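Okay, structure first, notes after.
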């Protein structure tokens with residue numbers, strides 16, 4: 001029995017909350033390095049602070065997926081986790097700019113604690129969104145569902161990245177007080193937290209999840225899983241579909257590349273990027289603001305591309321589209337190392353944006369067709385290992401690599417990202433996709 005076809009706006013509402021979550025996540029990606037530098041961290045320590053996000057995802061997402069698979073309440077199956085995580089995420093965003101006040105004698109420690117707290121809550125909120133799309137949509141609509149989700153993610157990334165710039169244009173200072181966080185970043189976090197909560201409330205109140213009996217009929221299974229078929233987490237892990245492992249190789253290289261950009265883009269272009277008007281290097285505050293602009297640039301082509309990914313993939317196949325997107329990303333990372341003009345730096349971000357669109361949509365479209373509907377949540381959580389593990393590996397080794405292999409030159413880390421993205425594109429050839 002097939003699930004009913006949902007209208008475009010019903011599909012839109014499924015992922016609308018992800019718009020707000022991504023605004024918060026984008027603020028974190030654009031400003032974490034700057035915040036911790038303001039609190040006293042040096043270049044070689046930055047990758048260690050960035051470990052909070054992948055470690056949180058590694059631990060939280062499979063647990064949330066496992067529990068949400070078996071949660072059936074009057075509020076839904078995934079919605080309780082989405083809403084609970086959103087409330088905590090909004091609180092964490094409000095606390096982060098106040099780390100120096102909350103623990104004045106050890107602001108770095110407080111900042112690291114709040115960052116971990118923030119990432120745990122982000123992961124509690126994000127993981128069920130992936131499973132919700134798979135739960136609610138028939139196979140024929142799943143690519144559309146993940147493409148719409150990708151569009152909203154990228155809209156949120158743009159807003160979160162440029163919000164500090166908008167505030168500076170409105171007169172908010174971009175100069176950080178000694179040992180503190182710049183006002184334009186602080187107010188961006190407050191606004192981002194409020195928007196996150198509001199958008200998640202829209203998804204929570206406008207989405208009606210299928211009750212257990214109806215969901216079982218669509219999956220052509222009994223509503224209660226027989227005791228003989230119930231599996232432990234380790235048993236579930238042992239029966240992981242092969243396509244997930246194949247996609248894991250692609251994910252490792254692509255997410256390692258993205259993690260390198262998020263961590264080292266700001267230090268890489270500091271003192272290098274030149275003002276288009278004067279030809280002089282931008283100040284540290286101007287550079288940080290421009291990093292936000294660049295981080296807000298690549299989601300724009302990602303938004304545009306995501307509108308056509310479903311149509312192109314239906315004609316040419318998910319794998320070909322996925323590989324071409326990643327090749328564009330490799331070219332984009334290489335371009336970042338060759339350009340100094342601040343506006344010209346936006347050009348390679350187009351290629352990175354195309355890769356970002358593919359990374360957010362295509363692997364989930366490929367994977368969702370191979371999953372047991374009863375265990376979608378836990379398998380989506382396990383699949384998150386392929387996102388978090390490469391970030392943990394790079395986070396643990398990044399400081400050593402940049403110091404000893406690249407002589408303290410962070411720009412070389414962006415070229416390494418280009419190599420990783422190229423390897424990701426080549427690895428798509430080994431993925432065996434199940435037919436619709």
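We did not get these values from a lab; they are worked out from the coordinates using the rules stated. The structure displayed is predicted, hence computed values, not measured ones. When we count neighbours, we look across all protein chains shown, and the Cβ atoms used for this are built from the backbone with ideal geometry, even at glycine.
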Seminar exercise, completed: Taking alpha-carbon centroids only, the range 246-297 lies from the range 129-171 a number of Å equal to 21 Å
Exercise. To the nearest 10 degrees, how steep is helix 8-38 against the longest Cα principal axis of the chain, on a 0 to 90 scale?
Worked result: 30 degrees
Problem set entry | Shape of the range 237-315, Cα gyration tensor, a/c cut at 1.5 | oblate
Exercise. What's the FRET efficiency of residue 314 with residue 242 using the Cβ-Cβ distance as r and R₀ = 30 Å, to the nearest 0.05?
Worked result: 0.80
Seminar exercise, completed: Extension length gain for residue 432 and residue 67 (0.36 nm per residue less Cα distance), in nm, is 128.5 nm
Exercise. For the range 313-364, what is the relative contact order in percent, using Cα pairs closer than 8 Å and at least 6 residues apart in sequence?
Worked result: 46 percent
For this session: Using 0.36 nm per residue of separation minus the Cα-Cα distance, give me the extension gain between residue 341 and residue 7 in nm, one decimal.
Result: 115.8 nm
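Suppose R0 equals 30 Å; then what is the FRET efficiency for residue 169 and residue 307 from their Cβ-Cβ distance, rounded to the nearest 0.05? Let's see the in-between values first.
Working: r = 28 Å, r/R0 = 0.95.
Efficiency, from the Cβ-Cβ distance: 0.60.
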Problem set entry | the chain, relative contact order in percent, only Cα pairs under 8 angstrom and at least six apart counted | 28 percent
For this session: Using Cα pairs closer than 8 Å and at least 6 residues apart in sequence, work out the relative contact order for the range 255-315, in percent.
Result: 21 percent
For this session: Report the extension gain between residue 102 and residue 208 in nm, rounded to one decimal, defined as 0.36 nm multiplied by the number of residues separating them, less their alpha carbon distance.
Result: 34.1 nm
Exercise. In degrees from 0 to 90, rounded to the nearest 10, what is the angle of the helix 107-136 Cα long axis to the longest principal axis of the chain?
Worked result: 30 degrees
For this session: Working from Cα positions, state the angle (0 to 90°, nearest 10) between the long axis of helix 183-206 and the longest principal axis of the chain.
Result: 10 degrees
For this session: With a ≥ b ≥ c taken as the square roots of the eigenvalues of the C-alpha gyration tensor of the range 364-436, please select rounded if a/c is under 1.5 and otherwise prolate if a/b is larger than b/c or oblate if it is not?
Result: oblate
Exercise. Looking at the square roots a ≥ b ≥ c of the eigenvalues of the Cα gyration tensor of the range 279-436, which shape do they give, rounded for a/c under 1.5, prolate if a/b is larger than b/c, or oblate?
Worked result: prolate
